[in-house]
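Data first, discussion second: the structure below is written as structure tokens.
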Amino acid sequence: MNDWLRHVDSATVLWGQMIIYTIYCLVIICVIAWIASRLTKDASVHQGSPKVFYTWIAFLVVIGVSLHVITYNTIPWVRDDLAGTPVDAAHTFKISIANQRWDIPGGQLQVPCNELVEFSVQSLTAPDNPDQPALTYGFGIFRPDHTMVAQMQVVPGHENNLLWTFNSPGSYSIRSTEYSGPAGYDILAKDAIVVSGCK
């Protein structure tokens, strides 16, 4: 089971959650519609027992909490990023950003598949413009279809580390996901990450 969870992609998790929560919301809407129809009927008509209402509410609470408990361990980033124990990454990639431009070592990162890697990102003051302070950016990894794999905020003067395990080969782009002024509307490093070696 744990081996299967290790190879779950975030897109799969989000797709499954979308289906589950859509069904859950439809059930809630049906309950509300049923309650509304009972409330608008003539008072002389038997309205039913309040036990039915409270049973439905209890059922929805149990299902809602269960969905969160069940999906908690299927979200790929929980194990690596929120475990609370020191984790040794197979590789650490140091990236910096200054003056709305990414500085990717070598122009492209070669990332192994199915291995935990760490992205250490720094926001720096632009060397050609020392009067402009370092800005807050977002570090987002995106698939070719523009769906996001993972992201974090990049705060100046702090360690900004993202742990991730890629399980799908291909090229990924890095984009800023945080507003950093008018010049930062499209901070993109296209195909900056190449993942290979997937079985």
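Can you list residue pairs whose Cβ atoms sit under 6 Å apart, with the first residue in region 41-65 being farther than 18 Å from L26 by Cα and the second being at pLDDT 65 or above and in a helix (DSSP H, G or I)? Count only pairs 6 or more apart in sequence or on different chains.
Listed pairs, sorted by first residue: Q47/R38.
Could you check how many residues of region 148-177 are among the β-branched types (V, I, T) and either in a strand (DSSP E or B) or at pLDDT below 90 (or both)? Break it down stepwise before answering.
Narrowing region 148-177 to residues among the β-branched types (V, I, T): 149, 154-155, 165, 174, 177.
Retained after the next criterion (residues that are either in a strand (DSSP E or B) or at pLDDT below 90 (or both)): 149, 154, 165, 174.
Counting residues in region 148-177 that are among the β-branched types (V, I, T) and either in a strand (DSSP E or B) or at pLDDT below 90 (or both) gives 4.
Over 18 Å from the mean Cα position of the chain (by Cα), at pLDDT below 95 and under 16 Å from H91 (Cβ atoms), is that true of G197? Full working, then the answer.
Details: over 18 Å from the mean Cα position of the chain (by Cα): yes; at pLDDT below 95: yes; under 16 Å from H91 (Cβ atoms): yes.
For G197, the condition - over 18 Å from the mean Cα position of the chain (by Cα), at pLDDT below 95 and under 16 Å from H91 (Cβ atoms) - is met.
Against the condition modelled with pLDDT under 95 and within 20 Å of N99 (Cβ to Cβ), how does P144 come out, does it pass? Walk me through how you get there before you give the answer.
Working: modelled with pLDDT under 95: yes; within 20 Å of N99 (Cβ to Cβ): no.
The answer is no for P144.
Condition first: assigned to a strand (DSSP E or B), at negative phi and hydrophobic (A, V, I, L, M, F, W, C). Can you find one or more residues in region 178-186 that meet it?
We begin by selecting, within region 178-186, every residue assigned to a strand (DSSP E or B); these are none.
Taking every residue of region 178-186 in turn, none turns out to be assigned to a strand (DSSP E or B), at negative phi and hydrophobic (A, V, I, L, M, F, W, C).
The values are calculated or read from the model by the stated rules, or taken from the named source; none is laboratory data. Quick caveat, the model's predicted, so the values are computed rather than measured. No Cβ is skipped: glycine too gets one built from the backbone with ideal geometry, and neighbour counts run over all protein chains shown.
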